[in-house]
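Take a look at the structure set out below.
The values are calculated or read from the model by the stated rules, or taken from the named source; none is laboratory data. No experiment lies behind these values; they were computed from the predicted model shown. Cβ: placed from backbone, ideal geometry, glycine included. Neighbour counts: every protein chain shown.
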Amino acid sequence: MKLLIANRGEIALRIQKTARRMSIPVVAVYSHHDRDAQHVLQAGEAVLLPGENLSETYLNIEAVIAAAKKTGANAIHPGYGFLSENPLFSEACEREGITFVGPSAASVRAMGNKIAAREAAVKLGVPVTTGVTGAPDYLLANYDKVGFPMLIKAAAGGGGKGMRIVRTPGELGQALENTSREALNYFGDGTVYIEQFIEGPRHIEFQVLGDKHGNMVHLFERECSAQRRHQKIIEEAPSPALTPEVRKKMGESAVLLASSIGYYSAGTIEFLVDKDLNYYFLEMNTRIQVEHPVTELTTGVDLVEEQIRIANGEKLRFKQSGLVQKGHAIECRIYAEDPFNNFMPSPGKIHLYREPAGQHIRVDSMEIKGKGVIHSAFDPMIGKLITRGETREDARGLMIHALSQFVVQGIQTNIPFLSGLVQHDSFIRNAITTRYIDDELDHLIGHVKTLKASVDPRIPLLAGLLESLKIKDEKKDSVWQTIGYWRNLPEPKLRLDGQEHQLNFISITPGKIKIRENNALTEALLREDDSASYLILDGLSYSFHACADEKGVITVNNCGFQFQFERADMARPEHVDVFNAGELQTDLSKIVSPMPGKVIKVNVPEGEKVYKGQVLLVVEAMKMENNVLSPADGLIKRLYVKEGDTVDGSALLVNLDTTS
């Protein structure tokens, strides 16, 4: 076998690892954005997919097949997302004599589409919720069959893309239009599905694995209720909510559903579970899942290896009776987004990247080497952090430590939010449902801020100062040039996260600072090794990572949080620190893009009067739609963009006349 991986980023690298262990040659494909990505550099061969858009590159069936033929690859693994659940892709592979490492096209059609999957479940007696599918116009005329509240989904895909909860008829039209557009953009099919919404459910899924000889097993469940905007962010196995009896029953239902369509390869049966542990079939994902590592770490089964063996026609190597869950695993998805700014996507350049390591810590990621770029054209997930323990509490404790050692500087990430969540009482007590994070978001953000505020500010202050004093071997600057004009002043002004701080300095030299506190002398020392820097303060050692950006601001990572350190004497360009979509605090008339992305909708023409908070444009970044709001009442004086334009972060979008 020679295997082409029709994907990118962390999942492409994950598949490569198993392929190399099995001595299978690997071919990568890539768009020009990914030219220097690790999944390209680590592959034996790599083929460029020409084009700008996903439809021209990673969603282009003809281009991917051509890459396989060009390199002599006789098998293709689709990973997840992109073409993984497109039956036309697996059929194209079959026509060309290429082995598709996944299920048959017939199985994808039967279970990959939510409507067909529900019909199969009903015939088998597996509980389902009420639902209707169709184009937006049809659903507007037939929504009464479902009632409110309802859940709107893309019929042809998963991953929470385009999913919305609608509680009143007045919200329905716009929600259907938005979901249909997102579904078309991401899955190539704008069909929408609406179903009865169950209040306060859990999301629990079962991993199934079948071969081409009729054998089928499940590898138990994953708890996926920790979601934000219907996107999973923390998964774990086993589910701490299920009883052995319910687990057995749900596993049997999963195997029954998958077996009924002759399914083979890895797949996932997803259920909603209410407070009384009644379960309802939700959908089947006919691919490897993002969260598959927690199953691997609790069953000892390499799911990618089993997919490859099944594709080669081998029988399953184990029976249901031989499968057991051992220990507990938790996975956190690391996203490029700002939890303190409404989780706005945060693409851009990474100045410093470090992954945690150690026993029972696993990282599936893009494997960024020190520095890198997160591009706005792709999903915002940087990678996945997984920990394992003998108990849930063991895995949770290790996760807290591992998150504190995960460093991504230059962009914003959800790492501090994840750290706060796994330390929150609601997670500890297993009291999280699919709506919990959205409903309690303000409280959770406050909890994260409280945890950050509990960090002794001297640690990031002194760490940042010591970092600024470091003399690089390659530089010939004197120490006096490095430490600035205040070298003889006892109390230089420092800023931490925008707040001024003053310390009484006795002496300042590279690697050592002496300060006076409460009439006592305190010494701070800097030590470094290959893995981190260390601040020695009051006889205690504190690990940290620090790096200066192009503006001279030093970001210090400590205890899982980031602190922005600035010295008042260090000249740097003026810049806007934080602003909301459509709001630039210095000039309300100039409305700018909140991040790099693509303008997918312009709601207003030039000359139209608008009100504060009105949605003027929609900018898509990292597969998420972001509304650009009017910061004030006014008149649209000029539009600088049109639908389809690609914009940089802070690009001028609209000139608003606020005097009219």
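Okay, here's what the table says:
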item	result
All positions within region 512-553 that are assigned to a loop (DSSP other than H, G, I, E, B), closer than 27 Å to I350 by Cβ and of a type outside the set (A, V, I, L, M)	D529, D530, S531, D549, E550, K551, G552
Failed criterion for A532 (all others in (1) modelled with pLDDT of 85 or more; (2) surrounded by 19 or more Cβ atoms within 10 Å (Cβ to Cβ) hold)	(2)
Which listed residue is more than 26 Å from F343 (Cα to Cα) and out of contact with any Cys (no Cβ under 8 Å at 6 or more places or on another chain), from P201, P238, P149	P238
Qualifying residue in region 449-462 (condition: modelled with pLDDT of 95 or more, closer than 15 Å to A226 by Cβ and not assigned by TED's automatic domain parsing to the domain that holds A241)	no
Of all residues in region 127-145 being in contact with a helix residue (DSSP H, G or I) (Cβ under 9 Å, 6 or more places away or on another chain) and among the hydrophobic types (A, V, I, L, M, F, W, C), the one that is farthest from G173 (Cα to Cα)	V128
Enumeration of residues in region 31-45 that are outside any loop (DSSP other than H, G, I, E, B) and surrounded by 22 or more Cβ atoms within 10 Å (Cβ to Cβ)	D34, H39
Identity of the residue in region 344-364, outside any strand (DSSP E or B) and in contact with a helix residue (DSSP H, G or I) (Cβ under 8 Å, 6 or more places away or on another chain), that ends up surrounded by the most Cβ atoms within 10 Å (Cβ to Cβ)	P356
Selection count where residues are surrounded by fewer than 23 Cβ atoms within 10 Å (Cβ to Cβ), within 26 Å of the chain's Cα centre (by Cα) and of a type in the set (D, E, K, R), scope region 275-304	2
Members of region 292-305 that are touching a residue at least 40 places away in the same chain (Cβ under 8 Å) and within 14 Å of V363 (Cβ to Cβ)	P293, V294, L297
Check on F378, more than 30 Å from T298 (Cβ to Cβ), hydrophobic (A, V, I, L, M, F, W, C) and within 17 Å of the chain's Cα centre (by Cα)	no
Strands (runs of 3 or more DSSP E) wholly inside region 56-159 containing at least 3 residues that are within 21 Å of H230 (Cα to Cα) and out of contact with any Gly (no Cβ under 8 Å at 6 or more places or on another chain)	131-134
Condition met for I334 (buried (at least 19 other Cβ atoms within 10 Å of the Cβ), farther than 19 Å from E393 by Cα, at pLDDT 95 or above and out of contact with any Cys (no Cβ under 9 Å at 6 or more places or on another chain))	yes
Considering residues of region 244-274 that are in a loop (DSSP other than H, G, I, E, B) and within 30 Å of the chain's Cα centre (by Cα) only, the residue nearest to I115 (Cα to Cα)	Y263
Filtered residues of region 172-222 (kept if among the charged types (D, E, K, R) and in contact with a Phe, Trp or Tyr (Cβ under 9 Å, 6 or more places away or on another chain))	R202, E205, D211, K212, E221, R222
Criterion (at pLDDT 95 or above and not hydrophobic (A, V, I, L, M, F, W, C)) met by exactly one of S55, S31	S31
Residue list for region 377-428, restricted to those being without any contact (Cβ under 8 Å) to a residue 24 or more places away in the chain and farther than 25 Å from K326 by Cβ	H424, D425, S426
Within region 496-511, considering residues that are within 35 Å of the chain's Cα centre (by Cα) and assigned to a loop (DSSP other than H, G, I, E, B), the one modelled with the highest pLDDT	D497
Hits in region 230-257 - residues which are closer than 20 Å to T299 by Cα and among the hydrophobic types (A, V, I, L, M, F, W, C)	I234, A237, A241, L242, V246, M250, A254, V255
Leading residue by the ranking (surrounded by the fewest Cβ atoms within 10 Å (Cβ to Cβ)) among those in region 108-149 that are among the polar types (S, T, N, Q) and touching a residue at least 12 places away in the same chain (Cβ under 8 Å)	T130
Residues located in region 217-254, provided they are farther than 30 Å from M344 by Cβ, surrounded by 20 or more Cβ atoms within 10 Å (Cβ to Cβ) and of a type in the set (A, V, I, L, M)	V217, L219, A237, L242, M250, A254
Tally of residues being of a type in the set (D, E, K, R), within 25 Å of G597 (Cα to Cα) and in contact with a strand residue (DSSP E or B) (Cβ under 9 Å, 6 or more places away or on another chain) across region 41-82	1
Check on Q174, touching a Pro at 6+ places or on another chain (Cβ under 9 Å), of a type outside the set (F, W, Y) and surrounded by fewer than 19 Cβ atoms within 10 Å (Cβ to Cβ)	no
So V208, is it outside the structural domain of R228 (by TED's automatic domain parsing) and either of a type in the set (A, V, I, L, M, F, W, C) or within 17 Å of N285 (Cβ to Cβ) (or both)	no
